[in-house]
Structures are given as structure tokens and as C-alpha cells.
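A short worksheet on the structure shown next.
Please treat every number below as a calculation from the coordinates, not as lab data. Predicted, not measured: the structure shown is a model, and the values here were computed from it. No Cβ is skipped: glycine too gets one built from the backbone with ideal geometry, and neighbour counts run over all protein chains shown.
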Amino acid sequence: MKPVAPELLSLLATRQFFAADLYTITLVTGETLRYCGGDADITCNGFLFSAGGMIGPYWDRSDNKAKCHWKVGVDVDSLIIDMLPGSATVLGVPILQAILSGVFDDAEFTLDRVYMPTWGDTRRGFIRLFVGRVAEVDVSRSIATFTITSHLELLNIQMPRNLYQAGCVNTLGDQACGVDISQYMSTGIVAAGSTVAGVMATIAGQFQQGYFDLGTLTFTSGQYQGQTFTVKQVSYGAPSVINLLGFLPAPPAAGDSFNIYAGCDKSCDLPLTVNGIMTEGQNNLDLVNGSAGSTALIGYTITGYGIPAGGYTVTGYESGAPGTPPVPTNGALLLSGTFQTSSVGQSHIYTLTKPGLVLNGCSKFNNLARFRGFPFVPAPSTAA
């Protein structure tokens, strides 16, 4: 049973009234759109619901009314409705283009029906028929068909929730991850030449290639102020190019400001960052756990877990003064750690990294303690 006010029941008993459907759409970015089915606009609960006028959009066609399906139990209810776009716009772009850009994805959708003794008199109230989320929108040249599902759909999740997989199951910045993503942010200004797929920009600071890949970009001014988009890849330059995962409804304007946040590929990305020890005076560095620290000497071969077959040869290094790291002269490898006075036969600990290696997982955020993947899951294989 739908709750109905006594005044509305009295009106319905007269069997002489006007009826119109009211549509309230709340986008994930916070904007609220209100439309009605009928020939003229309606004001209800202090809000104006547009009938479309000369520009559209037009809802609730006489030959194809909204179709609601209610089911007993925990089956998901659904609502299907057509919309004729006309020349209407959303966020400054044609409404069909906005739909294709994902503006309506996961939007909250509410359908109310208002009954009026005369058109526009909504004091008797309305009946709420359906509340749900936009699940799918089919678009053709002249029409868009919305499929709305009730919030019961949120119960359709896999169990167990966390799957046994190589990648981390946390979401960057959530409670399980624990990373304060605001500490891995930079600011930027949009430059001329931006498109719906790539933002030309000047980014403050110097960062390793891949640092912002799979991150997010949030505009702090302009037409997209407060909206967040996913970053696919950043190519640094003058200006830098921020390629987005998906498309903006329209290119951002030059001068718009934004915050850009580092991304995570959900890996522990440690194959070339290894702790080890070396014994000075020997010709081989065996990467096993050790203690203390040291400088590296020219000509040492490095092997161990996580190092590709064949290992690396440390060449072109100079031993620094006690307490300082060695100075690379060829840029092939870098040894770092707590360096002590050299002494033949003494064991020391160090870290091996390879310059230019893109670290885009847990180690970038110094968060390996909370990594919730299983990096040793074997890669799938097929029978020969």
C-alpha cells in the first residue's frame, strides 16, 4: 500500500481530477533535475518540474507510459520509461551526449504522481510510485530509454565478497587501505587545446612517469567544479597531457584549476626493490636479509629473489665517505641504505632499485602492511 494523505483520498473519491507524473533525477555529482509529464510546468513542494516547453526533454509519452514492475519478495523492481530529448541540455551539453558520456550513470531516480483538482494545484499532495537508481540507458538518434532498478539491486553482490586474487582488494584511500590520498596530490591549471578525452595542463611539481596513472582528477573551478574523473595516463611535457578514462561532456576551459591525485594499480610492485646483504671483499652480493649498512664496490654481481635471471653487475660506482651512499656514474643501478665505514669481511644491508622503474602500487604509498592481494597466485595457463 502506498501512503496517501486524507485530502488526496477525498480528491480521488470525486473522480474528477488531473494527474501528472513528476520525475526527480539526482546525478552522482550532486545536481538535481526535475521534469514532469504533461503540457505545462508544475510546481510541487516548492520545486519547479519542467514539462519541456519548446526545448524538451519530454517524458511520459501518451503512447508509451512509464512501466513499473513490482515483485513480491527480494526480486528487484524496475521502471522503464522513454525520454524525447528535443534540444535540451545538461551541464551545458545536449542531453543525449551527456547520457553517452555517463552523466546519468548511477543517478538516483524518483517517480511521483500528483493529483490536482485544477492543473497546477498540487496542495493535495502526491503518491510516491518508485525510487531507484539508473541501471541502463539505451540511446538512439531521437529517443533514450531509461531502465531504473530499485535499491534491492545493491544486494546483488558476490559472496564471499573478497576473491582470492593477485591484486589488492582494497580501494585506494578507504578504511581498509588507510592511505591519506590528500598527501599524494598536486594542483594544476588547464591549458588551451584540451579535448573531451585529454586535458592539456600545467601540473605543479616534478613526478615520476606513471605517478598519477589510474588516479583521479577533481576540478576546483570552471563548469566541472566539484566533479571527479578517472585518469588513465599522464604524459609530462609543456603542457602535460592528462588522458582520461572515458570522456567529458565538453572540453574544459583554459584556466580551470584542478587537483590531481596519485593512482594505484593494486599491486605490491616489488620485483626490483630488494633488501640484501653484502660481504665486502667478495665478488657476489647474495640478496638475503642482513643488518647494518655499506657502500658498494665496482664489479660486484647482484643476484637473488626478485632479480631477473642473470642478475646485474654494479659498475661505475664510487664509495662515498663513511655514512654516505655511493655515487652512481653510469645510472644503471642505485644502492641505498644505512652506509657505514667499509671493512673487508663485514656484512651490510642495502636496498637495490632500478631507476626509471614505475612503482604504482602499495610501495608507492609505503603501505605494504595493508596490502590485501596474493601476489603469488600463479598466472592462468592452458593445456598445450
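Note on residue 121 and residue 71: with the Förster distance fixed at 41 Å, the Cβ-Cβ geometry gives a FRET efficiency of about 0.75. Computed extension length for residue 110-residue 372: 90.5 nm, one decimal, from 0.36 nm per residue of separation with the Cα-Cα distance subtracted.
Just so you know, the Rg over Rh for segment 10-155 is 0.97, from Cα atoms, with Rh as the Kirkwood radius. Globularity index of segment 181-261 is 0.94 (Cα radius of gyration / 2.2 N^0.38 Å, N = number of residues). For the listed peptides 11-18, 42-49, a ranking on the average number of other beta carbons within 10 Å per residue, highest first, reads 42-49, 11-18.
Note on residue 232: aspartates and glutamates with a C-alpha under 13 Å away, same-chain residues under 8 apart excluded, are 213, 265.
In this simple spin-label model, placing a label point 7 Å from the Cα along the Cα-to-Cβ direction at both residue 48 and residue 259 gives a separation of 3.4 nm.
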